[in-house]
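Written below as structure tokens is the structure these notes are about.
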Amino acid sequence: MLSGTIFLKFIKTYFRLLSLTFVVICISGSEVFALDPLGPPTTGLMEGQYEFGIDYSNSTMDLELDGGKYTEWNHTLSSVTSGEAESFTLKDFEANKIYVNFGYGIWDYCDMFLRLGMINAEFGDSIWEAGEEFDNQSDITFCIGSRATFYEEGNLKIGRIIQLSWANLDGRLKSPQWTEDESSDIEIIEIQAAVGPTYTTDNGISFYGGPFLHFIGGDITEKFNDVNLDGDDITAKYTWDIGESSNFGGYFGVQLDDGEYTFLNIEYQCTSGADLYSLSLIYRF
């Protein structure tokens, strides 16, 4: 059991870190929400130590698309029109990511990591409501971040994690009602930050988690050729900013230790508009 003094230190440290993280993210700019694996908010590496791992995650979220614009080129009349496109919610954007993870202990209580991998995504008929489906091959994604431990007492640690990731999805939007597929391009830049505890039992099982803030900036561009009601051939381009769906949530994870140098993380994240499940296999040396 923690003494009253240790518990009070825990509470004070925890909320100081949460406030600091909130300020850092707000300064960075309020963009929009998405999900990526986090892992323990505290470092497990000593100075000069390395880790190598493989991460897999599956996330589902709703995205608000706003600030829309369109341009239509009428090839028959040799004219161009443009204007604002209607805002809407893109439902059930599902993403699968596989990362190779590299980490390095800068100091005993701070590390940095780099993830390189592939992303595949899909969503339903939220854009045109024409029974369309998004289809893309796997695209490259990467993530950089840092963990730090600010408090340690016995089996308990408290720390923070901040990470930034980027992905660009180049795919096709298909519908049985269309004669041609629609070109679809999605660019996503994520910022995630969390603070919380990691508690390790005497048999090497660690429990971690806490509240997190999660933001993303990006846009979606749709291009297609069509024939309008007058029979004119047109080429159209529609672009929306990815808007904020939710930016606050909580997460929980379990880390299993084989007693040597290998660890397995099992993690779940949740907000009002998204869920994520992830697995990570890590080797330290």
Tally, over segment 57-81, of residues that are over 22 Å from SER126 (Cα atoms) and either touching a Cys at 6+ places or on another chain (Cβ under 7 Å) or in a strand (DSSP E or B) (or both)
6
Being assigned to a strand (DSSP E or B) and either of a type in the set (Asp, Glu) or on the phi > 0 side of the Ramachandran plot (or both) is the filter here; which residues of segment 248-262 pass it?
ASP257
Could you check how many residues of segment 239-269 are surrounded by fewer than 20 Cβ atoms within 10 Å (Cβ to Cβ), among the aromatic types (Phe, Trp, Tyr) and within 30 Å of SER183 (Cα to Cα)?
0
Can you pull out every residue in segment 40-84 that is aliphatic (A, V, I, L, M) and crowded, with 16+ Cβ neighbours inside 10 Å?
LEU45, MET61, LEU63, LEU65
Say whether the condition of being over 22 Å from the mean Cα position of the chain (by Cα), part of a strand (DSSP E or B) and buried (at least 20 other Cβ atoms within 10 Å of the Cβ) is met by at least one residue in segment 184-200.
no
Has segment 216-231 got at least one residue that is closer than 19 Å to ASN155 by Cβ, modelled with pLDDT of 90 or more and either surrounded by fewer than 16 Cβ atoms within 10 Å (Cβ to Cβ) or not polar (S, T, N, Q) (or both)?
no
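The values are calculated or read from the model by the stated rules, or taken from the named source; none is laboratory data. This structure is a prediction, so every number in the text was calculated from the model and none was measured. Backbone-built Cβ (ideal geometry, glycine too); neighbour counts: all protein chains shown.
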